[in-house]
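A quick write-up on the structure given underneath.
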Amino acid sequence: MLKVTIITQETSDKYWKDTFADVWEGPVEISLATDSKIAEDPTLVKEAELIIFDFTGNHENSFQTVALVTPNLVGKHFLIVSDKKDADLAIEGIRLGAIGFLVKPFKRSELISSLDRLHTAPSTNAINRRTSKIITFTSYKGGTGVSTAAVNLSYSLANVYGKKTLLIDGAGFSNHVTVLLNVIPKCTLADICRQGHSLDEQYLTNAVSMVGKNLSVIGGLMKTNDLHDVNLETLGKVIDIASEIYDYIVIDTSTHLLDETTMLFIQRATDILMLTTFDLLAIRDNRFFINTLKEVGVQEHRIKPIINRQDWYIGSLEPELIQKQINHQIFHSLPNDWELCVESANYGRPLLEVSPNSPLATSYNILASKFTKTDLPQAQEDKGVKEKNLVVDDTKAKKKGLLSWF
């Protein structure tokens with residue numbers, strides 16, 4: 001008996017039962033599952049001989065679904081099916097070891113040809129390696145909180161959800177990431193790029209600065225001469241190597257720039273988080289930025305605008321109005337807590353550590369959950385909660401040591 005699991009948002013298996021009845025001789029057992037259920041319980045695909053990703057009517061999250069589920073399909077054969085031609089998705093599927101990519105309505109012979117590979121193709125081995133989700137933060141308008149958001153999302157992924165996370169400061173010479181985390185960078189992007197072809201996993205692992213057990217940091221550029229050492233080939237290699245080490249790679253980029261380095265980080269991203277505020281200039285600029293990215297070939301579903309400093313009590317514009325102005329769906333909104341952001345920046349601590357139960361910290365954890373597809377861990381409510389004066393005393397002591405590298 002052929003056991004098949006269909007990963008789909010549909011609730012009926014009639015289509016696939018009818019389809020297999022026409023192409024497979026012998027009994028077939030078909031079960032349906034969603035990507036989130038498989039991520040929570042990988043045993044759902046343990047007995048399956050074939051897994052089919054059916055993205056009919058669900059194109060927006062196709063890349064995220066493949067990235068989320070494939071680590072649980074080690075040694076399995078899988079097939080990708082869609083009702084829309086998507087060359088990028090097909091290439092990604094082939095890279096991960098898919099036995100085929102079919103576009104509905106496909107011919108009977110096309111499915112048979114893919115099923116024949118069950119006996120001839122090796123079981124998937126590309127997904128034995130970790131494949132990171134790459135999240136690039138950007139904004140065309142400065143002052144929208146890009147670095148703060150990158151730091152706190154990374155901290156949530158690493159310390160709240162326990163995901164191995166790499167945070168890269170790709171925002172030129174600002175080094176805001178390392179300042180906000182109160183960490184002295186071991187190596188900058190320029191230092192790593194100087195390794196060229198000799199760059200490997202061992203060097204990269206030792207080049208990062210650690211913040212806790214799961215968060216690794218690569219600092220930004222320090223000297224003007226560093227700019228000459230940064231090259232796209234080595235940066236691409238950094239991402240390739242890091243993708244096999246980390247669950248998530250979060251990249252902070254320069255605002256108001258679309259240079260080659262920033263464009264590389266955007267092109268390699270699975271998700272592009274674009275920060276905007278209710279400032280009309282920020283809305284206008286980011287509308288232009290979104291349209292520009294679309295024009296240069298960035299897929300629309302990868303662009304995810306986030307409203308920062310949403311204030312519900314002083315007459316802020318509604319998110320729906322911003323959504324209409326930028327002509328793109330809003331992915332998330334972060335509440336306004338300016339005092340908490342200033343306090344956490346002054347102490348060199350993520351705001352999730354300074355005030356873990358604040359509405360803003362909770363919103364970052366919710367944002368992180370949209371990528372991990374899991375609920376906030378129950379034990380996290382009490383974890384790391386300290387008296388405020390203890391946090392202040394501790395951070396003051398450490399802040400003094402940071403000033404030496406400026």
**Fill in**
Scanning the range 72-113 for residues that are among the hydroxyl-bearing types (Ser, Thr, Tyr) and in contact with a Phe, Trp or Tyr (Cβ under 6 Å, 6 or more places away or on another chain) gives 82
**Those residues of the range 2-20 which are in a loop (DSSP other than H, G, I, E, B) and either closer than 22 Å to residue 68 by Cα or more than 38 Å from the chain's Cα centre (by Cα) (or both), in sequence order** = 8, 9, 10, 11
**Complete:** Scanning the range 204-262 residue by residue, those over 19 Å from residue 165 (Cβ atoms) and outside any loop (DSSP other than H, G, I, E, B) turn out to be 226, 227, 228, 229, 232, 233, 234, 236, 237, 260, 261, 262
**Message:** Among the residues in the range 21-35, are any under 19 Å from residue 83 (Cβ atoms), open to solvent by 80 Å² or more (accessible area, probe 1.4 Å) and not in a helix (DSSP H, G or I)?
**Reply:** no
**Message:** Filter the range 263-293 down to the residues that are part of a helix (DSSP H, G or I) and over 20 Å from residue 332 (Cα atoms) and list them by number.
**Reply:** 263, 264, 265, 267, 292
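For residue 321, state whether it is at pLDDT below 90 and under 30 Å from residue 279 (Cβ atoms). Show your work before the answer.
Working: at pLDDT below 90: yes; under 30 Å from residue 279 (Cβ atoms): yes.
Criteria met by residue 321.
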**Request:** Quick one: which residue in 83, 88 is in contact (Cβ under 8 Å) with a residue 12 or more places away in the chain and surrounded by fewer than 14 Cβ atoms within 10 Å (Cβ to Cβ)?
**Result:** 88
**Request:** Give the residue that is farthest from the chain's Cα centre (by Cα), with candidates limited to residues of the range 58-92 that are part of a strand (DSSP E or B) and farther than 17 Å from residue 105 by Cα.
**Result:** 77
**Asked** Give me the pairs: first residue in the range 1-19 and without any contact (Cβ under 8 Å) to a residue 24 or more places away in the chain, second residue not hydroxyl-bearing (Ser, Thr, Tyr), beta-carbon distance under 7 Å, and six or more apart or on different chains, which are they?
**Response** 13/6; 13/30; 13/32; 17/30
**Message:** If residue 357 meets every condition in (1) loosely packed, with under 12 Cβ neighbours inside 10 Å; (2) modelled with pLDDT under 85 apart from one, which number is that one?
**Reply:** (2)
**Request:** Tell me, yes or no, whether the range 187-194 has at least one residue that is of a type in the set (Gly, Ala, Ser) and in a helix (DSSP H, G or I).
**Result:** yes
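To keep it simple, each residue is scored yes or no on (1) in a loop (DSSP other than H, G, I, E, B); (2) among the charged types (D, E, K, R); (3) open to solvent by less than 10 Å² (accessible area, probe 1.4 Å); (4) under 21 Å from residue 229 (Cα atoms).
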{"site": "152", "(1), (2), (3), (4)": "no, no, yes, no"}
{"site": "159", "(1), (2), (3), (4)": "no, no, no, no"}
{"site": "162", "(1), (2), (3), (4)": "yes, no, no, no"}
{"site": "169", "(1), (2), (3), (4)": "no, yes, yes, yes"}
{"site": "185", "(1), (2), (3), (4)": "yes, no, no, yes"}
**Message:** So residue 43 ticks every box in (1) of a type in the set (Ser, Thr, Tyr); (2) open to solvent by 30 Å² or more (accessible area, probe 1.4 Å); (3) touching an Asp or Glu at 6+ places or on another chain (Cβ under 7 Å) but one. Which box is left unticked?
**Reply:** (3)
**Message:** Checking residue 326 against (1) open to solvent by 10 Å² or more (accessible area, probe 1.4 Å); (2) hydrophobic (A, V, I, L, M, F, W, C); (3) farther than 24 Å from residue 220 by Cβ, only one condition comes out false. Which one?
**Reply:** (1)
**Message:** Please pick out the residue among 102, 118 that is under 25 Å from residue 71 (Cβ atoms), at pLDDT 85 or above and touching a strand residue (DSSP E or B) at 6+ places or on another chain (Cβ under 9 Å).
**Reply:** 102
**Message:** Please go through the range 78-91 and give me each residue that is touching a strand residue (DSSP E or B) at 6+ places or on another chain (Cβ under 9 Å) and of a type outside the set (A, V, I, L, M, F, W, C), ordered by number.
**Reply:** 82, 83, 84, 85, 86
**Complete:** Checked the range 190-212 for anything without any contact (Cβ under 8 Å) to a residue 12 or more places away in the chain and either open to solvent by less than 70 Å² (accessible area, probe 1.4 Å) or of a type in the set (Asp, Glu) (or both); matches are 203
**Message:** Considering only residues that are farther than 11 Å from residue 89 by Cα and of a type in the set (A, V, I, L, M, F, W, C), which ones fall in the range 51-66?
**Reply:** 51, 52, 53
**One residue from 247, 226 being within 17 Å of residue 133 (Cβ to Cβ), in contact with a strand residue (DSSP E or B) (Cβ under 7 Å, 6 or more places away or on another chain) and among the charged types (D, E, K, R)** = 247
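The values are calculated or read from the model by the stated rules, or taken from the named source; none is laboratory data. Fair warning: this is a prediction, and the values are worked out from it, not measured in the lab. Please note: Cβ atoms are built from the backbone with ideal geometry, for glycine as well, and neighbour counts cover all protein chains shown. Note: accessible area is taken over every heavy atom of the protein model, side chains too, but ligands, DNA and RNA are not part of it. Shrake-Rupley method; radii C 1.70, N 1.55, O 1.52, S 1.80 Å.
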